[in-house]
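Asks: This is the structure I want to talk about, given as structure tokens.
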Amino acid sequence: MNESARYVSPLRREQSDQTRSRIVDAALDLIVGGVEGLTMQDVAKAAGVALRTVFRHFPTRDDLLDATWQAMQIRMGETPELETLDELIGFLPELFGRYGAMEDQIRGAMFAQTFVSSRQRLGSDRARKVRRAVAAQFTGGDERSRAMAASAAYTLTVPLVSIVLKEAFGLSSPEAARASAWAIRALAAAYAEDPEALNSETLKS
């Protein structure tokens, strides 16, 4: 094979990367209106490129959605290592502020069935770190009780909670973060006091 035929100049590679970024940025803007009806033609038009250019970078719609999901995670910023519940709670105001800045895109992504596979397959670094910090707090009791308590606490950190607290109760992003932090601490305290409470189908009043 001719080695020169495989050579790609730095300039051409840079142009290709810029085009790819423009396509993903266009998809991010378009998911504000919902993902379900998003088409490759829509993205091509919004990005100002030919349809074949979109398919050259993203052979399938799922490939484009995966790239869009990953771009959302990058835009929300890097999550620090969170080893303890105190570290997580200290990070919540910044995290909820990031949710607020990306709220329109989050709405389009979180309620879309077509985005489920991307979320499940790729996950997010943020979710993994938050889960680890939460799980470290719930160490007593049996395995199933720990899983239930940790999942309840983790749920209070997800973007949908921020949106509900702001829309249904009129809280600001900082207030939503404080409310979630308070609820997480209350869950942790209740679990530490009685790790066996979740074993009962009828919880103690």
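Asks: Among the residues in the stretch 108-116, are any open to solvent by less than 10 Å² (accessible area, probe 1.4 Å), touching a residue at least 24 places away in the same chain (Cβ under 8 Å) and outside any helix (DSSP H, G or I)?
Replies: Scanning the stretch 108-116, I find at least one residue that is open to solvent by less than 10 Å² (accessible area, probe 1.4 Å), touching a residue at least 24 places away in the same chain (Cβ under 8 Å) and outside any helix (DSSP H, G or I), so the answer is yes.
Asks: Going through the stretch 152-171 one residue at a time, which ones are touching a helix residue (DSSP H, G or I) at 6+ places or on another chain (Cβ under 7 Å) and over 21 Å from residue 86 (Cβ atoms)?
Replies: 159, 160, 163, 165, 166, 171
Asks: Looking at residue 88 and the list (1) under 13 Å from the mean Cα position of the chain (by Cα); (2) within 17 Å of residue 177 (Cβ to Cβ); (3) open to solvent by less than 10 Å² (accessible area, probe 1.4 Å); (4) among the aliphatic types (A, V, I, L, M), which single condition is not satisfied?
Replies: Going through the list (1) under 13 Å from the mean Cα position of the chain (by Cα); (2) within 17 Å of residue 177 (Cβ to Cβ); (3) open to solvent by less than 10 Å² (accessible area, probe 1.4 Å); (4) among the aliphatic types (A, V, I, L, M), residue 88 breaks only (1).
Asks: Tally time: how many residues in the stretch 85-108 are under 13 Å from residue 164 (Cα atoms) and among the acidic types (Asp, Glu)?
Replies: 1
Asks: Only one of 52, 13 is open to solvent by 80 Å² or more (accessible area, probe 1.4 Å) and at pLDDT 95 or above; which?
Replies: 52
Asks: Could you list, in sequence order, all residues of the stretch 125-151 that are in a loop (DSSP other than H, G, I, E, B), open to solvent by 50 Å² or more (accessible area, probe 1.4 Å) and in contact with a helix residue (DSSP H, G or I) (Cβ under 6 Å, 6 or more places away or on another chain)?
Replies: Passing the criteria: only 137.
Asks: Ok, one more. Can you pull out every residue in the stretch 59-85 that is open to solvent by less than 20 Å² (accessible area, probe 1.4 Å), polar (S, T, N, Q) and closer than 18 Å to residue 47 by Cα?
Replies: Within the stretch 59-85, 68 is the sole residue that qualifies.
Asks: Still on this structure: Any residue at all in the stretch 25-34 that's within 20 Å of residue 123 (Cβ to Cβ), open to solvent by less than 70 Å² (accessible area, probe 1.4 Å) and of a type in the set (Gly, Ala, Ser)?
Replies: The answer is yes; a qualifying residue exists.
Asks: What are the pairs, 6+ residues apart or on separate chains, where a residue within the stretch 91-106 that is open to solvent by 50 Å² or more (accessible area, probe 1.4 Å) has its Cβ under 7 Å from a residue that is assigned to a helix (DSSP H, G or I)?
Replies: 93/174; 93/177; 104/32
Asks: Go through the stretch 34-45 residue by residue and tally those that are under 24 Å from the mean Cα position of the chain (by Cα) and closer than 17 Å to residue 21 by Cβ.
Replies: Selection size over the stretch 34-45: 2.
The values are calculated or read from the model by the stated rules, or taken from the named source; none is laboratory data. What you are looking at is a predicted structure, and each value in this text was computed from that prediction instead of being measured. Every residue, glycine as well, gets a Cβ built from its backbone with ideal geometry; the counts of neighbours run over all protein chains shown. Just the protein is used for accessible areas: all its heavy atoms, side chains included, with ligands, DNA and RNA removed. Shrake-Rupley method; radii C 1.70, N 1.55, O 1.52, S 1.80 Å.
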